[in-house]
Amino acid sequence: MSADEGPERDGDGEYQPERLLTDAVAEAVETGLAELARLDALVAEAQRRFEAARDELSPRGLFGTRREDGFSKVLEGVVADLTDGLAESRRAASTFNIAFFGRTGAGKSTLLSALGGLSGELVSDGRSDFTTDVQPLDWQGCRLYDTPGINGWGRTRSRAELEETARRAVEVADVVLLCFDSQSQQASEFRKVANWVRDYRKPVLAVLNVRNAMWRHPARVASPAQRRGLSRTARQHADNIASELEAIGLTGVPIVAIQSKRALFSRAATPFVGPAASELQADRYVYGREYLDRWSNLPILEQLISLCIAEGAADLRLSALREGLQAGLRQWADEIDRAAVEQHARGVAVERVVADWLTVLGYPEESWRGALPKTRAGDDLLAELEKARGEPFGASVSGRLEGHVRHLLKSHVYRCASRHFVPPKN
Ligand SMILES: Nc1nc2c(ncn2[C@@H]2O[C@H](COP(=O)(O)OP(=O)(O)OP(=O)(O)O)[C@@H](O)[C@H]2O)c(=O)[nH]1
Ligand SMILES: [Mg+2]
């Protein structure tokens with residue numbers, strides 16, 4: 001990637017390095033929100049159908065109350081879950097998330113402070129493991145997540161806790177930035193992050209913070225041969241990082257070399273409270289902020305982040321939203337299937353009881369069938385049940401009870417009759 005193009009300017013020639021990124025973020029956020037509106041409509045339609053199904057299965061009684069059954073509960077759960085899921089997505093969709101990972105001292109907080117135009121308070125004063133929490137910073141419609149150095153995990157907070165926080169940072173990230181510096185390029189420390197990145201299919205960029213103060217500093221390094229030498233060394237570092245990343249399964253990751261300290265010197269808000277405040281003043285005075293910005297190469301990193309968001313992240317956001325909803329629906333389809341199997345078993349049991357009763361009591365005759373309770377459609381409940389099971393009950397009109405009573409009566413009356421009956425003498 002060319003490092004010599006100047007930064008963006010607007011029509012009046014005013015320097016506006018963040019414009020491209022802001023536009024890309026705004027567009028991608030808008031695409032996500034439009035998709036959310038479509039999904040909202042889908043969920044509203046699903047809700048309408050669920051409720052119609054529930055009304056049919058379990059109509060409201062005389063006083064507007066509904067009998068609680070398995071289906072009602074499942075359906076209410078479906079609607080609440082889908083609505084909550086979309087509300088959660090809406091909260092995350094209003095911003096774009098960029099998570100920074102790297103070993104302690106790699107310059108993560110420096111880079112993040114440069115991007116955010118902070119005044120240097122997050123940058124280490126030289127101590128390692130300076131950042132101890134995942135810190136979110138709102139910026140240009142994005143949320144930047146500064147994370148503790150990965151090699152220091154576990155020193156200030158439990159490793160498991162920090163790993164979980166880092167995993168969540170990858171989960172919500174639209175873009176993951178892996179930060180290296182010219183002194184440490186071991187990608188193996190990123191293995192965990194790399195696994196999450198692959199699992200969640202997140203776009204990744206690598207940043208190489210070149211610490212050599214002479215790199216990309218034409219005002220101080222006049223000799224082209226010397227400049228080429230410095231560039232060659234930076235290139236070797238970048239190649240090394242590429243093969244390290246490949247070794248942990250991250251192939252084709254774009255790598256941008258930057259000078260974080262120079263970027264911060266250009267972009268920081270004043271009064272500056274970070275390290276080397278007097279150096280910052282001197283550099284601004286001697287070289288000017290625009291020079292420092294251009295030769296820090298930060299605008300190229302910003303362009304790459306913008307491209308990532310403009311080209312890929314909007315699609316990723318869309319599929320993440322859709323997949324999220326689909327996963328919710330699949331889960332509830334399984335619940336409904338489970339409830340259906342359960343209800344079917346209960347139905348079979350009820351049918352058996354009804355069949356037994358009919359066998360005992362006898363199948364109701366047409367003459368008194370009108371006394372049976374009716375459904376809303378006007379059928380009596382027995383007819384409704386027979387419709388549902390697909391065949392009428394085979395019980396005869398005179399049930400076993402009748403036969404039994406007749407039998408009892410017969411034998412009883414016979415016995416009584418035989419006791420009291422005195423045959424006439426002839
Ligand atoms: N000389 C020089 N110093 C730098 C450069 N980039 C960062 N530093 C310094 O290196 C130290 C560490 O930088 P940070 O940005 O705090 O590093 P970090 O990756 O956030 O480190 P942790 O928070 O400990 O994980 C700070 O004192 C920075 O001023 C650079 O390009 N050149
Ligand atoms: Mg830090």
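The values are calculated or read from the model by the stated rules, or taken from the named source; none is laboratory data. Just so you know, these numbers come straight off a predicted model, no measurement behind them. Positions of Cβ are generated from backbone atoms using ideal geometry, with glycine treated the same way; all protein chains shown enter the neighbour counts.
Computed values, structure above
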read-out: Hits in segment 263-309 (condition: among the hydroxyl-bearing types (S, T, Y) and under 33 Å from the mean Cα position of the chain (by Cα)); value: S306
read-out: Qualifying residue in segment 93-114 (condition: at pLDDT below 85 and surrounded by fewer than 16 Cβ atoms within 10 Å (Cβ to Cβ)); value: yes
read-out: Test: residue in segment 115-136 that is within 12 Å of ligand 2 (Cβ to nearest atom), without any contact (Cβ under 8 Å) to a residue 60 or more places away in the chain and in a strand (DSSP E or B); value: yes
read-out: Filter result for the condition that a residue is on the phi < 0 side of the Ramachandran plot, modelled with pLDDT under 95 and among the aromatic types (F, W, Y), over W196, W215; value: W196
read-out: Qualifying residue in segment 237-247 (condition: surrounded by 14 or more Cβ atoms within 10 Å (Cβ to Cβ) and within 30 Å of R284 (Cα to Cα)); value: yes
read-out: Helices (runs of 4 or more DSSP H) wholly inside segment 272-366 containing at least 3 residues that are at pLDDT 85 or above, closer than 30 Å to R49 by Cβ and not assigned by TED's automatic domain parsing to the domain that holds V170; value: 314-361
read-out: Strands (runs of 3 or more DSSP E) contained in segment 151-268 and holding at least 3 residues touching a residue at least 60 places away in the same chain (Cβ under 8 Å) and within 12 Å of ligand 1 (Cβ to nearest atom); value: 175-181
read-out: Which listed residue is surrounded by fewer than 18 Cβ atoms within 10 Å (Cβ to Cβ) and in contact with a helix residue (DSSP H, G or I) (Cβ under 8 Å, 6 or more places away or on another chain), from A225, A219; value: A219
read-out: Segment 84-104 - residue that is within 13 Å of ligand 2 (Cβ to nearest atom) and touching an Asp or Glu at 6+ places or on another chain (Cβ under 7 Å) and, of those, nearest to I150 (Cα to Cα); value: R103
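To keep it simple, each residue is scored yes or no on (1) under 21 Å from I98 (Cβ atoms); (2) β-branched (V, I, T).
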{"position": "P148", "(1), (2)": "yes, no"}
{"position": "S158", "(1), (2)": "no, no"}
{"position": "V175", "(1), (2)": "yes, yes"}
{"position": "H217", "(1), (2)": "no, no"}
{"position": "V221", "(1), (2)": "no, yes"}
